[in-house]
Amino acid sequence: MRFINFINKLDKRWIYLVLALCIIIPFLFPIGFPMKTTAPVKSIYDFIEDSIPEGGVVLIGADYDPSTMAELHPMAKVIATHALSNNLRVLFVTLYPQGAGMAQDVIENVLREWNNSNPDNQKELGKDITLLAYVPGVSAVVLKMGEDIIETFNEDGYGNKLSDLEVMKEIKNYNDIDLMVELAGSAVVLTWLIYANGRYGLNVGIGTTAVSAAEYYSYLQSKQAIGMLGGLKGAAEYENLLSKKGVYWGRKDATVGMDAQSSAHIFFIILIVLGNIAYFVSKKQKGGR
Amino acid sequence: MALSSNFWIWIAAILTLAIYSFLYKDNPFYKFAEYLLVGISIGYGISVYWHNTIITKVFNPLVYDKNFLVLIPLLLGLLMFSRFFKNVAYLSRIPIAFVVGAGTGLSVPSSFEFLFKQVYATMPTKLDIGIIIIVIGVISTLIYFFFSLEHKGFVGRVSRVGITFIMVAFGAAFGYTIMARVSLFIGRIQFLLSDWLGIIK
Amino acid sequence: MKSKILFFIFILLSFFFIFSQNLTQTDQKLFTPVDSTVLKNFIVRDVGNDDGTRIEVFCNFPFDGKNFTLKLYRKESGDSNFKMLKTIKSFPFKIVDEGLFSDKKYEYYISFVDSMGGESEKCIINQPISPKPDLFKTDKTILLLMIIIYTVVIILLVESVRKGKELFVRKISGLDTLDEAVGRATEMGRPVLYVPGSSTMSDIATIASLNILGPVAKKIAEYETKLIVPNRDPIVMTVAKEVVKESYSEAGRPDAYNDNDIFFLTDSQFGYAAAVSGIMTREKPATNLLLGMFWAESLIMAEAGNTTGAIQIAGTDAVTQLPFFITSCDYTIIGEELYAASAYLSREPLLLGTLKAQDYFKGLIIIILTLYFLILIISLITGGNITILKNIMEFLRFIFKS
Amino acid sequence: MFIRRTLPLLVSAIFGVALIFQFFIPHPASKSFYNMMLDWLIIVSAFTYLIAVQSTVELHITKIKRKVEGWQYSIIVLVSLFVTALLGIFGGAFMPTTLWMKIFHNVKPTDTTPLMYTYLYMQMPMQSTIFSLLAFYMASAAFRSFRARSFDATLLLITAGIVTIGRVPLGEFIYKGLPDVVEWILKYPNMAAQRGILIGVQLGIIATSIKIILGIERKYLGGGK
């Protein structure tokens, strides 16, 4: 009985504190459990590794904002780095103004890391990678890109004419894009699947928050999407694949978080179990009376 | 690594902590940060719109490329400004009707195709245990959301199967959501410990 | 019932019609045979269902064990020079030549290259043809038919409800408990809290919620219990006020209506959730109704209500929030059930008609999937040799293939 | 009356029907119509952002006017909105504008713009922090309200437990096959239910679209008869 009272009366803030500790402590004393690569992650990796010829184009959709960047930012970094390491061209596109800032941040980071680590294979903005200007209209933009990408955007996000950029050479529409990886935590993923994949047959891979990951398995089975990175774990798996290949130098944001993720999950399970014990005990007592 | 000496990192850290103070209790620091965020994000949106849209899609084509075809949509768009004046605000309904009408026109055939693809993927040519689960799961879930028959007898039993599938799916989503929320917090801790305090790499 | 059956038969018949039409379409071979027998196997033809910019070239001859490659050339009529399109190494092949113009004629040539690199003469494989722009995508006929049928069904059903036709909607289990929950609040002398979601009027769920609010408010007015409706959106608040006021008058208790009980809290997402939780702990409502569109803030409210021991009935179409409601509330109205509940309670023709139209299509999909699955099992058991079963399966797959 | 009500409905009906039929007509003429429509849509949508700006600004101005409780915070919203917008418009979004470089001679084209400073060091940390609060709310709800109150809820919680543990490296450490079990749950039973729900939702979306084109659904036009 005392235990039940304790649970009902316990100040939430103690729970908050313990959760914070569960996440901070693993950062200070990391263990680094090994992890398996799941099939949906591997299929995106393999596609970039094996199915795109040198000079090919990967389009990355940065349709997320800071509220989900913890999960999606690491994905953008790994995909862009992977593409650059295979000498592919990378285009960032966004359907929301907030995403433009995210993409800009990724491009800057990836280029810096890359150029610091590869003095003999420098990559340049506008030549190997760029951000297409943000243009409103969501589905209209996705559709228009299937007709003519340069006409859709006119300029890149920095104000340069797209037709002058080397990175855009011989790119007309989706036929010239080898893979698109859409990073988003909202239903905009469907927009890409319905229009870009459905109408124009573009290969789409999904990178999404863990909240939506379970929902998108339908599109993997129906082959509308070629693969998926789900949440921080998906990004961590990809980081590991890249390190194994020897082409990732940046901070492994997702991988270092995995210990904290593990301990927090255990804490959640304990909380649910304790809470339910209390619930059933008090239900029994009420029933007995 | 040591404590950051970057002024902007400090700003970011202070704002982060101001928001976390809400966990203790609601307070003016939190409110300040929250409202500041509303203002800044709209201001940011306006700026990106200005440079990446108004300039690239409207100003440049009109002034430099002399492309007067953009005038019609431009006029339609300008009607949107009528919202700022109460007595003519209804004019903004025309561009809204255009955007919504044309948008739905574009979406109907594609949405149907999308739906068909999902049904098509549920028509296998071979059978194994996984496929049987998929087919039974899809059919029973659909029956659960079928409202023209009372959930009694056979239909009732099938819809029970359906709700069981739904619960497993929700459970998976639930587990994944825990993961997502924890990840967001991990992201912030990483910022505080590494970029700001410099305790970890 | 008879009319429904006839309707389905009509749909099925129309599929057969289109299907058979498609089968009888013949390949239009546009080349003339040249003396070499090999060249006969090369076919050049216009790609159908396009805007007249593509021609396809293909060859079914396997060329087994031959040690050579093949070069494909194209010449525009009026032009004197060839353009090399592609080197072909494996057979059979199919190439789609894109970016052509429908007002020009094109000729295709091939040449053989042996392993030493020697190239044969170029042989013409077709008469000059031009790609033909089409007026209708025949492969999408079923899709168009479906859209038209769906539209017609929606119009018919909405109209028939308008004319007063009763359409059956099954019981929604969460709804039955509404009465009980309101009754309990009366017994305990505590208020009922109704949260119409955190979204605006642009969400269908919000509208559905306000449709449910009407009958609930009426019941509450009859029981003389207090109703609290906190809002996050000013427009939703205005509508909610109207709805409740009307329900109180309908119940014959306009005097019991208190305008201050339906109020605007704040537009901040988490601020709203925190304020609603505050109301739950202070006022200790006996019943909490959380119906409408919710985002991540859902669990804050559900938790607060759970700790005060209130009966909670929740309903939303936000799939990501449903798990939290199911584990923290006594009854949960899941996804589309919310729309069904709102159509059922409000009896509004537009809602009810659409709900039924969706139901008929859902029924059609259920029937087709079940039928397919059964036939698949039978054909697998019998060894897959029965042609008619195979044909039916092919046909069913064909419907959804477009 | 015509402009108020009939014209908008007519506009959405005409363009809606035209674009549905366009889908089935591959002819070049139809294709160029389609291209023109997409261009128009993009340009007109450029102005839809005004709705968000207008409604927020109006909300906060009303709050200040009426001196609603906490109206001081509305001043913060308006001030930060205008300062950020001005910085962005004159200073550039992702690259400093020529005007900005003229005023501040030491600014190079590769420099970070003032707008990006507010984005990277104010908006980004605040927005991501607000959403990270959810981890805490979730923890307290896990303790105090996620109950196995019925068979359904029990099944839900058990699946949740398996997925929660199986998706982190620790779960793999405890039992090697766990990630495969989770993958199996996601790939089959979860996928089946998600698809069932999705089919229903899509039918609903299409029905709403059709009603908009038919003009019997007009809530998107906003209030007022």
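Only the coordinates and a few stated rules stand behind these numbers; no lab work does. Given the structure is predicted, the values throughout are model-derived calculations rather than measurements. Quick reminder, even Gly has a Cβ in these numbers, built from the backbone with ideal geometry, and neighbours come from all protein chains shown.
Among the listed pairs C:Lys163/C:Lys241; A:Lys36/A:Lys223; A:Lys127/B:Lys117, those whose Cα-Cα separation exceeds 27 Å are C:Lys163/C:Lys241; A:Lys127/B:Lys117.
For a modelled paramagnetic label at A:Asp46, 7 Å from Cα along Cα-to-Cβ, the residues of segment A:162-183 in reach, with backbone nitrogen under 18 Å, are A:179-180. One Cα centroid belongs to segment B:59-107, the other to segment A:25-60; the line between them spans 43 Å. Taking every C-alpha pair closer than 8 Å and separated by at least 6 residues, the mean separation divided by the residue count of segment A:95-146 gives a relative contact order of 50 percent. Taking every alpha-carbon pair under 8 Å whose residues sit at least 6 apart, chain A reaches a relative contact order of 25 percent. Placing a pseudo-label 7 Å from each Cα along the Cα-to-Cβ vector at A:Ser243 and C:Asp139 gives an inter-label distance of 4.6 nm.
Of all lysines in the structure, those lying under 23 Å Cα to Cα from C:Lys71, and not within fewer than 8 positions of it along the same chain, are C:Lys29, C:Lys40, C:Lys83, C:Lys86, C:Lys89, C:Lys94, C:Lys104, C:Lys105, C:Lys122. Taking each of A:Lys77/B:Lys201; A:Lys161/A:Lys245; B:Lys31/B:Lys86 in turn, the alpha-carbon distance tops 27 angstrom for A:Lys161/A:Lys245; B:Lys31/B:Lys86. Considering amide H positions built from the backbone, and no H for Pro or chain starts, which residues 5 or more places from A:Val57, or on another chain, come under 5 Å of its amide H? Correct list: A:Arg89, A:Asp178, A:Leu179.
Within chain C, the longest run free of GluC sites (Glu not before Pro) that sit in a DSSP loop with at most 11 other Cβ atoms within 10 Å is C:225-402. Shape class of chain B from the Cα gyration tensor (axes a ≥ b ≥ c, square roots of the eigenvalues): oblate, since a/c reaches 1.5 or more and a/b does not exceed b/c.
Could you work out how far the C-alpha centroid of segment C:281-296 sits from that of segment D:1-64, in angstrom? Centre-to-centre distance over Cα atoms comes out at 37 Å. Straight-line cross-link partners of C:Lys165 among the lysines, defined as a Cα under 23 Å from its Cα and at least 8 positions apart when in the same chain: C:Lys2, C:Lys4, C:Lys356, C:Lys362, D:Lys211. Under a GNM of chain B (C-alpha, springs under 10 Å), which listed residue has the highest mean-square fluctuation: B:Gly101, B:Gly130, B:Gly43? Checking each option, the largest mean-square fluctuation is seen for B:Gly130.
Per-residue shielding of B:65-73, expressed as the average number of other chain Cβ atoms within 10 Å of the residue Cβ, stands at 3.
Per-residue shielding of D:52-64, expressed as the average number of other chain Cβ atoms within 10 Å of the residue Cβ, stands at 3. Note on A:Lys144: lysines with a C-alpha under 17 Å away, same-chain residues under 8 apart excluded, are A:Lys172, B:Lys57, D:Lys31. Each Cα pair under 8 Å and six or more residues apart adds its separation to the average, and for segment A:83-211 the resulting relative contact order is 21 percent. Note that segment A:230-244 has calculated 3J(HN,Hα) couplings of x, x, 4, 5, x, 5, 5, 4, 5, 4, 5, 4, 5, 5, 4 Hz, one per residue in order, obtained from phi through the Karplus relation 6.51 cos²θ - 1.76 cosθ + 1.60 (θ = phi - 60°); glycine and proline are x.
A Gaussian network model of chain A, with springs between Cα atoms under 10 Å, assigns the largest mean-square fluctuation among A:Phe47, A:Phe92, A:Phe268 to A:Phe268.
Of all segments of chain A bounded by GluC sites (Glu not before Pro) found in a DSSP loop with no more than 16 other C-beta atoms within 10 Å, the longest spans A:171-289. Between B:Thr125 and C:Lys94, the FRET efficiency from the beta-carbon distance, with R0 = 25 Å, is close to 0.60. Build a GNM of chain D with springs between Cα atoms under 10 Å: which of D:Lys102, D:Lys63, D:Lys211 gets the top mean-square fluctuation? The residue that fluctuates most here is D:Lys102. List the residues whose amide H sits under 5 Å from the amide H of C:Gln312, counting only those 5 or more places along or on another chain, with H placed 1.01 Å from N in the peptide plane. For C:Gln312, the qualifying residues are C:Asn288, C:Asp330, C:Tyr331. Here chain C yields Rg over Rh of 1.22, to two decimals, using C-alpha coordinates and the Kirkwood radius.
Within a 10 angstrom radius of each residue's Cβ in A:57-66, how many Cβ atoms of other chains show up on average? Whole number is fine.
Details: counts 0, 0, 0, 0, 0, 0, 0, 0, 6, 14.
Mean inter-chain Cβ contacts per residue within 10 Å come to 2.
Taking other C-beta atoms within 10 angstrom as a stand-in for reagent exposure, A:Asp63, C:Asp203 fall in the order C:Asp203, A:Asp63, fewest first. In chain B, helices alone account for a calculated mean residue ellipticity at 222 nm of -22000 deg cm²/dmol, with every DSSP H run of four or more residues adding -39,500 (n - 2.57).
Summary of the geometry: segment B:1-38 and segment C:87-163, compared by the centres of their Cα atoms, lie 59 Å apart.
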